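These notes are about the structure you will find just below.
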Amino acid sequence: MEKKLGFGCMRLPLFDKNDQTSIDTETLNELVDTFLGKGFTYFDTAYVYHSYMSEDVMREALVKRHKRDEFAFATKLPMRDVKTVKDQEKVFNEQLEKCGVEYFDYYLLHNIGVMSYKKACELDSFGFGINKKKEGKIKNLGMSFHDTPELLDEILTAHPELDFVQLQINYIDWENPSIQSRRCYEVARKHSKPIIVMEPCKGGSLALVPEKAEKLMKEYNPEASIPSWAIRFAASQEGVIMVLSGMNTLPQVLDNTFYMANFKPLNDEEYKIINQVSEIINKNTAIPCTTCRYCEKGCPQKIAIPDYFALYNSTKRATTDNFSSQFVYYLNLTANNHGKASDCIGCKECEKACPQHLKITEHLKDVSMTFDVTPQFPTRTEK
């Protein structure tokens, strides 16, 4: 792989942001064509993305419209969905059909953490992947990982057969005590595993930084976009072979492919600025959610958890006169068959699924205190 930018298919363009299945296929076709036209080739999807539709959509946008040797295709075995050994074979064959391919360039055990690793061992998922490699249906076997560096070290020691590992790496999580990006990165390097980076912009949150942080970046380089700092940070780490970006607009594709076409690692001054930006962001982010939406599937109350967290963060960053618009968005979501934050029953199914290890049920109490009351909006005073 010569160019380090990959197309993440977890956040495709939508007609309705509240409906993950309302994918704008015409726009997607344009994004895929532009990405390939700029000389980039890597596409990463998964069985569960976009309410189980991402693989099908990428078959239409990518596989059917371009020659197989023009792109590299990655997808993942959904550990939360497979229950038996036979399920793995069934799902894998379904994925080949959904994606319209005869093999996957990169195949990952999805979202490996302490519980899913236990399941993977019980089902011999690693052995399953090795057998698919022997059959020629997988070129490279890896895993996406969301847990502690200690567990990562244990897994890579037990399974040296893995060809690569996919880690969440971004500058805001580099020293985060929950995510521990740096320490996980160091473990992967210790085991000499090539690294693919996910969430370089942390679900888009590093594309919109506080004004004070943006000023620092723009003063140093007025031409560089804010997201470029995050993606270049991830790509600058030694051993990183690919950085995934969930691009869903043409300007995003054009910007990312522009500065990644002839990638230049960050210099010392840029690292200093990123450290300052990290300090500013940490003071302005109440809930570090990446909007992966893994938490939503098992919620018995159908609470729109990531959307509520985004609205809550906006109210904390914004001035008080911006609260009314956030409240209206909240009301619209609750009116659209979503439970209120106060409807949480504390079952913690969401927390079991959260790659960020957030205390979601506690955060929902904060959201409820903010939005599940009738706000007293300022009234206009006639002069």
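A few points about this structure:
- FRET efficiency, 1/(1 + (r/R0)^6) with R0 51 Å, evaluated for VAL373 and LYS139 via beta carbons: 0.40
- Listed cross-link partners LYS86/LYS137; LYS76/LYS134; LYS283/LYS365; LYS4/LYS212 are compared with a 22 Å cut-off, the Cα-Cα value being larger for LYS4/LYS212.
- Per residue, the accessible area of the range 198-241 comes to 44 Å² when a 1.4 Å probe rolls over the protein heavy atoms.
- Sorting the segments 288-295, 244-251 by their mean number of nearby beta carbons within 10 angstrom, highest to lowest, gives 288-295, 244-251.
- The calculated FRET efficiency for LYS352 paired with LYS302, based on their beta-carbon distance and R0 = 22 Å, is about 0.85.
- Nitroxide proxy distance, nm - points 7 Å out along Cα→Cβ at ASP366 and ASP124: 4.6
- Residues listed by number, the range 106-143, amide nitrogen under 18 Å from LYS86 label point at 7 Å toward C-beta: 123-125, 128
- Of the residues ILE23, ILE345, ILE112, the one that moves most in a GNM of the chain with alpha-carbon contacts below 10 Å is ILE345.
- Candidates LEU206, PRO227, ILE195 compared by Cα position along the dipole of the range 183-229: farthest toward the positive end lies ILE195, with charges placed on Cβ.
- About its Cα centre, the chain has a charge dipole of approximately 240 debye under the convention of +1 per Lys or Arg Cβ and -1 per Asp or Glu Cβ, with nothing else charged.
- Under-5 Å amide H pairs with VAL243, H placed in peptide plane, nonlocal only: LEU5, GLY6, VAL197
- Label-to-label distance, nm, for residues given as PHE258 and GLU175 (7 Å Cα→Cβ offset): 3.2
- One chain, two ends: ASP343 and THR249. Fully extended at 0.36 nm per residue, the span grows by 30.4 nm beyond their Cα-Cα distance.
- Sites THR21 and LYS272, calculated FRET efficiency, Cβ-Cβ separation with R0 45 Å, nearest 0.05: 0.55
The values are calculated or read from the model by the stated rules, or taken from the named source; none is laboratory data. Being a predicted model, the structure only gives us computed values, none of them experimental. Because the Cβ atoms are built from the backbone with ideal geometry, glycine has one as well, and the counts that use them run over all protein chains shown. For accessibility, only protein heavy atoms count, side chains too; no ligands or nucleic acids. Shrake-Rupley method; radii C 1.70, N 1.55, O 1.52, S 1.80 Å.
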